[in-house]
Amino acid sequence: MRIVLLGAPGSGKGTQSQLLMARAGIPQISTGDLLRAAVAKGTELGLKAKEAMEAGRLVDDDIVLGMFRERLAEPDTRRGFILDGFPRNLAQAHALERLLAALKQPLDAVVQLEVDYSELVRRLSGRRSCADCGRVFNVLTAPGAAAHDLCPKTGAAHRLVQRADDNEATVRERLRVYEEKTRPLIDFYRARGLLRVIDAAGDVNEVTRRLMKALGVPGTRRASKTRSGAASKPKKKGSGGGSKAKSRTPRARRRPAARRR
Ligand code: AP5
């Protein structure tokens, strides 16, 4: 299975990739994680990426495409992959299409995760991760979850830190950039018959069920009607959309070291 998870910052691409990865046995490729790893290592590429990331802008296509090609060449991607945060604009989508056509490994599906705008902001402002094991929590959508167990790396309580780009000003810019650069991919993939759209608000496990159903993963019934014509902006504040539903941090979700900051 070769799939792309599309969605605004905070829509749950990383969370759902991790859960799907555990169930489907295929790796997640997150360009955000790859870039954060490069930043943490202080490589030349990382230094170039850092400024754009901290400002909420997209990193140059050349850098991202180079990193992506390298990752795709690793043997674990042969059985498939989940792309999280890539492609992010039309140039990247065309490049991905050419690359996969050359490898005779076209995409099977692209799933758009739809979440209300105010819920995106709430999720991003509440996101914290353990500085030692990298596990992601949320102090607003799942308060207290970090106290339920100890950090597997240190055996002590999780040390929660906030991602550098989860501050108010950068979140605003990331959402603006998403609207301008990434949203056009919805039409791009709809035109290719690959797009599925799911409601990604509410309980994390319920969202996973919707995702598996949209992908036609065995054990779930494929959605009879994919809302490929209904993709829309993250709904603005007050427009409803079930964002008040209870949610919890998935226990299985562990970010790789690259997510540590
Ligand atoms: P990236 O790391 O890709 O960030 P993003 O797209 O902004 O997405 P996020 O990681 O913020 O959100 P997510 O959708 O994964 O949500 P999550 O599951 O964590 O990119 C960062 C930067 O790197 C970019 O701004 C750019 O500069 C650069 N970059 C990356 N890729 C690039 C590319 N291809 N080209 C150019 N530049 C690139 O969930 C968020 C929070 O909500 C968590 O706390 C989680 O626990 C919680 N949560 C999740 N689901 C639910 C739920 N159902 N209910 C309640 N809470 C939930």
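Readers should treat all values here as calculations from the given coordinates under stated rules, not as data from a laboratory. Everything numeric here is computed off the predicted structure, so don't read it as measured data.
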State the Cα centre-to-centre distance between the range 51-70 and the range 100-165 in whole Å. 20 Å
Cα pair distances in the range 70-224, grouped into 5 Å bins until the bin that holds the longest one, percent each: 2, 7, 13, 16, 16, 18, 16, 9, 3, 1, 0
Answer rounded, prolate or oblate for the range 67-155, using the Cα gyration tensor with square roots of eigenvalues a ≥ b ≥ c: rounded when a/c is under 1.5, else prolate when a/b is larger than b/c, else oblate. oblate
Taking θ as phi - 60°, what are the ³J(HN,Hα) couplings along the range 53-64 by the Karplus curve (6.51, -1.76, 1.60), each to the nearest whole Hz, with x for Gly and Pro? 5, 5, 8, x, 8, 7, 6, 3, 4, 4, 5, 5
